[in-house]
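Peer 1: I have a structure here, written as structure tokens, and I will follow up with some questions on it.
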DNA sequence: ACTAAAAGAATGAACGTTCATTCTTTAAAT
DNA sequence: ATTTAAAGAATGAACGTTCATTCTTTTAGT
């Protein structure tokens, strides 16, 4: 739903405030009034940029997911060897999750909750195709186990969400060494 | 908070209705009025069994988590060899998550959301100690990688949550073969 | 065993508050 | 002068919770 082109700053500020509130209070305690107050605008102004609260949260999800996926394939090249290509994507994702911890926590909350429309969720998932392609290539080259992409994702990418949540709670500090161990575990779980 | 001893059925029915509503609608769209209606009682009746909505959801979380952890260590014995002991616990957990998919989805929603009090969350986490002990034993016996328990959990148990969510959306059917692959991936990621 | 009184459960209606959203007015930009 | 952006006030609906009251069960007195 396209509304305004002008003053994208305000729109971005609204998205940012929403992210912060949903992260800290949960969707059930992130009312429009608080979003407006935190942004420094009137509640009515939100409706110049978004159709509804649901529209706001859906757009936020899709945009954060897009920025995540864009980051994931930075410097990735399909001609790279399987393991090297996987390592680049994996580390891109890992770095995103620990540099942009608020965004990552938000995504994990969305992915485990019915708060986002199913259609928006599917839209957000499409951008990961190059990783799935890489895995398929790895399977035919007998480098990666011949198991479903869901399994491969569950054991390589998904664990990062847990580590990140622990990181946020200061339960597990993630240094370079820990990251290397994590990558090794991911790779060991799927390599033949 | 101890309230009534009598008529535990109604209390259980309230918990069950809450679980179902939160799962399908999210916490933000599971009002007391709907919980009451689904249970077939008056809204006021809820407050004979629980202090508040927050108390209701906290108690639900703690009890579901407890039943999950109880199931996890069924037939487990500390004298078992590392791999066998791990396999038993892992498969217990896997079976719980796929036999009690509603409960498991609920737990994953709670664990990724600020909807549960932090104290209740910590209470729920305590019961997993035997698994951590097993891992420690595995490390000293040089069977399991010398990495933190958070990493071990992230790569062996946490992935099941993803598989289960996919299962619920009918995206990934989990047969016995897939389960075996999943266990192998889990073990491969942490064994030396 | 029967009845009356007390206690415990449960209720629907109503409370004050807060919600998402809209209406009306003002300020700013063109 | 006209249009657009923003604001604040206002809206009905819905929220969590409590209220006064009524059923239902238990207790006690005969």
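Here, each number is a calculation from the coordinates, and none is a lab measurement. Please read all numbers here as calculations on a predicted model, not as lab measurements. With ideal geometry, Cβ positions are generated from the backbone for all residues, glycine too; neighbour counts draw on all protein chains shown.
Peer 1: Taking Cα atoms, how many degrees apart are the long axis of helix A:129-140 and the longest axis of chain A, rounded to 10 and kept between 0 and 90?
Peer 2: 10 degrees
Peer 1: Please build a GNM for chain A, connecting alpha carbons under 10 Å apart, and tell me which residue among A:69, A:110, A:178 fluctuates the most.
Peer 2: Comparing A:69, A:110, A:178 in the GNM, the peak value goes to A:178.
Peer 1: While we're here: Where is the GNM fluctuation largest for chain B (alpha-carbon springs, 10 angstrom cutoff): B:94, B:154, B:66?
Peer 2: Evaluated over chain B, the most mobile residue of the options is B:154.
Peer 1: Placing the label point 7 Å from Cα along the Cα-to-Cβ direction, what are the distances from residue A:119 to the equivalent spots in the other copies, shortest first, in nm to one decimal?
Peer 2: Going from nearest to farthest copy, the values are 4.4 nm.
Peer 1: Using only the Cα atoms, work out Rg/Rh for region A:15-62, with Rh taken as the Kirkwood radius, to two decimals.
Peer 2: Using Cα coordinates only, the ratio equals 0.91.
Peer 1: Still on this structure, I have one more. I'd like the orientation of helix B:8-25 relative to chain B: the angle between its Cα long axis and the longest Cα principal axis, in ° from 0 to 90, rounded to 10.
Peer 2: In chain B, helix B:8-25 runs at an angle near 70 degrees to the longest axis.
Peer 1: Taking a point 7 Å out from Cα toward Cβ as the label site, list the nm distances between residue A:66 and the same residue in every other copy, smallest first.
Peer 2: Nearest first, the other copies' label points are 4.8 nm away.
Peer 1: Next question, about the same structure. Report, for residue A:143, each distance to the same residue's label point in the other copies, shortest first and in nm; define the point 7 Å along Cα→Cβ.
Peer 2: From this label point to the equivalent ones elsewhere in the assembly: 3.3 nm.
Peer 1: Per-residue ellipticity at 222 nm for chain A, helices alone: DSSP H runs ≥ 4 residues times -39500 (n - 2.57), over residue total, nearest 500 deg cm²/dmol? Don't skip to the answer; put the middle values down first.
Peer 2: Working: 11 runs with 136 residues, N = 192.
Helix contribution divided over all residues of chain A: -22000 deg cm²/dmol.
Peer 1: Can I ask one more? Give the angle, between 0 and 90 degrees and rounded to the nearest 10, that separates the Cα long axis of helix B:53-72 from the longest principal axis of the Cα atoms of chain B.
Peer 2: It works out to around 30 degrees.
Peer 1: Further, regarding this structure: Direction-averaged shadow area of the convex hull around the Cα atoms of region A:72-190, nm²?
Peer 2: Numbers: hull surface 30.5 nm².
Across all orientations, region A:72-190 yields a mean hull projection of 7.6 nm².
Peer 1: Taking 0.36 nm per residue of separation and subtracting the Cα-Cα distance, what length does fully extending residue B:9 through residue B:54 add? Let's see the in-between values first.
Peer 2: Values: separation 45, 0.36 × 45 = 16.20 nm, distance 2.03 nm.
Between residue B:9 and residue B:54, full extension yields an extra 14.2 nm.
Peer 1: Starting at 0 and stepping by 10 Å, how many percent of the alpha carbon pairs of the protein assembly as shown end up in each bin?
Peer 2: Result, from short to long distances: 5, 21, 30, 26, 14, 4, 0 percent.
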